[in-house]
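K.L.:
Structure incoming, see below.
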Amino acid sequence: MCERFSSEKTVMLVKEVKLWKIYDHHCSMSCVRLKVPDAISNVYVGRPWHSHLTFLYLLVLGKVGFNYPIFLTFIHYMVSWFLMAILNALSMLPASPTKASRFSSLFALGLVMSLSTGLANVSLKFNSVGFYQMAKIAVTPSIVVAEFIILRKMVSFQKVLALTVVSIGVAVATVTDLQFHLFGACIALAWIIPSAVNKIMWSNMQQRDNWTAMALMWKTTPITVFFLVVMMPWLDPPGVLSFNWNFMNTSAIFLSAILGFLLQWSGALALGATSAITHVVLGQFKTCVILIGGYLLFSSNPGITSICGAITALLGMSIYTYLNMHSSEQHSVKTNPRQSPKSKLSKENGDIYDDNGGSESV
């Protein structure tokens with residue numbers, strides 16, 4: 001028994017040391033200040049929260065020893081719900097659109113949100129950061145496939161090539177450790193599809209039905225909380241009430257909950273202003289710029305392979321951005337003034353919608 005305890009303790013200490021090294025390296029590079037156009041800064045502002053929250057999740061699960069990822073997600077959404085309830089009581093919460101979405105759409109979004117966030121935290125518990133990053137890269141092709149199945153939206157061959165270059169470059173730049181647990185690998189694979197569908201639904205419902213980010217969060221959070229409660233007995237170990245709820249541990253958990261609320265809000269704003277694919281590309285852009293910026297400005301040495309991967313990814317992102325802008329200009333010229341205005345999502349992805357709601361690829 002003592003031997004088993006000692007072995008598990010050693011593994012946890014090794015993971016903790018690796019984690020602190022990664023986090024310290026990340027924070028040193030995060031000092032890079034980026035100057036981007038206003039159109040990009042409006043949606044880019046939320047991306048730094050994501051990286052710091054990921055590492056804070058890992059610290060809570062590892063250093064604090066809070067070994068309950070679904071319950072941690074539940075706390076985050078309850079804190080978000082409480083904060084939005086305060087805003088609602090003060091009449092500061094945006095109203096729902098006049099033509100509200102069907103309850104089935106809100107119910108489905110709440111379900112995929114619980115799966116996307118909950119399974120992501122379970123994956124972080126069992127897998128290395130590198131394997132988690134690989135799963136995130138797989139979200140991009142999943143979005144392309146899911147948009148075709150759900151919305152009949154086709155991405156041009158040139159954009160597919162650009163996104164392929166981006167994914168390969170990000171993988172080379174960021175994935176250095178592929179340690180994983182068999183159960184954790186299954187969870188990571190199960191997380192990919194809900195994550196892709198979650199981004200698609202957030203973007204589509206805001207742009208199609210004129211939801212604001214906060215109003216849609218307010219409507220879907222209770223549904224997400226319900227499904228998280230259902231998932232707890234299956235994915236969390238017993239004993240959450242016996243956890244050491246001292247001041248330091250509780251503060252770390254609730255700090256991660258506040259950052260979780262900010263991440264969810266900023267991510268929803270970004271998805272409302274762009275598309276699901278562009279939202280993912282923005283996150284990868286941030287990762288690559290921080291990597292290269294740290295190398296150029298702060299003498300960090302991630303390795304020549306990582307630098308080449310980041311440069312390759314940025315090249316793919318540049319091509320993808322050019323293709324988006326070019327297709328938007330083409331469609332703005334072809335648009336008939338008598339036609340109804342397109343949503344931002346259709347303009348960005350270069351889709352042509354006919355009077356019957358069909359789509360055509362470009």
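The values are calculated or read from the model by the stated rules, or taken from the named source; none is laboratory data. Quantities reported herein were computed from a predicted structural model and do not represent experimental measurements. A quick note on method: Cβ atoms are made from the backbone with ideal geometry, for glycine too, and the neighbour counts reach across all protein chains shown. Keep in mind that these areas ignore ligands, DNA and RNA; they rest on the heavy atoms of the full protein, side chains included. Shrake-Rupley method; radii C 1.70, N 1.55, O 1.52, S 1.80 Å.
K.L.:
Using a 1.4 angstrom probe with every protein chain in place, what is the largest-first accessible-area order of F126, F226, F157, F254?
P.N.:
Numbers: F126 55, F226 120, F157 140, F254 95 Å².
The most accessible residue leads, giving F157, F226, F254, F126.
K.L.:
Taking only Cα atoms of the stretch 113-219, what ratio of Rg to Rh do you get with Rh as the Kirkwood inverse-distance radius?
P.N.:
Working: Rg = 15.3 Å, Rh = 15.1 Å.
Here Rg/Rh amounts to 1.01.
K.L.:
Once fully extended, how much extra length lies between M92 and I149, figured as 0.36 nm per residue of separation less the alpha-carbon to alpha-carbon distance? Walk me through the intermediate numbers first.
P.N.:
Values: separation 57, 0.36 × 57 = 20.52 nm, distance 3.75 nm.
That pair, M92 and I149, stretches by 16.8 nm at full extension.
K.L.:
Find the centroid of the Cα atoms in the stretch 131-209 and in the stretch 210-249, then give the distance between the two in whole Å.
P.N.:
If you average the Cα positions of each part, the centres end up 24 Å apart.
K.L.:
Do the alpha carbons of any pairs in K63/K125; K159/K286; K125/K199; K63/K286 sit beyond 18 Å of each other, and which pairs?
P.N.:
On the way: K63/K125 12 Å; K159/K286 20 Å; K125/K199 23 Å; K63/K286 27 Å.
Result: K159/K286; K125/K199; K63/K286 exceed 18 Å.
K.L.:
Pulled fully out, how much extra length does the chain show between F103 and N67, if you take 0.36 nm times their separation in residues and subtract their Cα-Cα distance? Before the final figure, lay out the partial values.
P.N.:
Values: separation 36, 0.36 × 36 = 12.96 nm, distance 3.41 nm.
My answer for the length gained is 9.6 nm.
K.L.:
For the stretch 79-170, just the Cα atoms, rotate onto the principal axes and tell me the three extents in Å, largest first.
P.N.:
Sorted largest first, the three principal extents are 47, 35, 22 Å.
K.L.:
Further, regarding this structure: Run the 1.4 Å probe and let me know the accessible area of L296, rounded to the nearest 10 Å².
P.N.:
It works out to around 130 Å².
K.L.:
I've got another one for you. Counting only protein chains, not ligands or nucleic acids, how are S105, S275 ordered by accessible area (probe 1.4 Å), most first? Don't skip to the answer; put the middle values down first.
P.N.:
Numbers: S105 20, S275 0 Å².
Correct descending sequence by accessible area is S105, S275.
K.L.:
Add +1 for every Lys or Arg and -1 for every Asp or Glu among the other residues with Cβ under 15 Å from the Cβ of S116, and state the total.
P.N.:
Numbers: positive: K136, K199; negative: none.
Cβ neighbours under 15 Å give a net charge of +2.
K.L.:
Excluding ligands and nucleic acids, what accessible area in Å² is computed for W211 using a 1.4 Å probe, to the nearest 10?
P.N.:
Spelled out: W211, probe radius 1.4 Å, area about 10 Å².
K.L.:
Follow-up question, since we're still on this one. May I ask you to rank D236, D177 by accessible area, largest first, using a 1.4 Å probe over the protein chains only?
P.N.:
On the way: D236 25, D177 45 Å².
My answer, sorted largest first, is D177, D236.
K.L.:
Report, as a whole number in µm² per second, the diffusion coefficient that Stokes-Einstein gives for the stretch 57-125 at 37 °C and 0.692 mPa s using the Kirkwood radius over alpha carbon pairs. Walk me through the numbers before you get to the answer.
P.N.:
Numbers: Rh = 14.1 Å.
Rounded to a whole number, D works out at 233 µm²/s.
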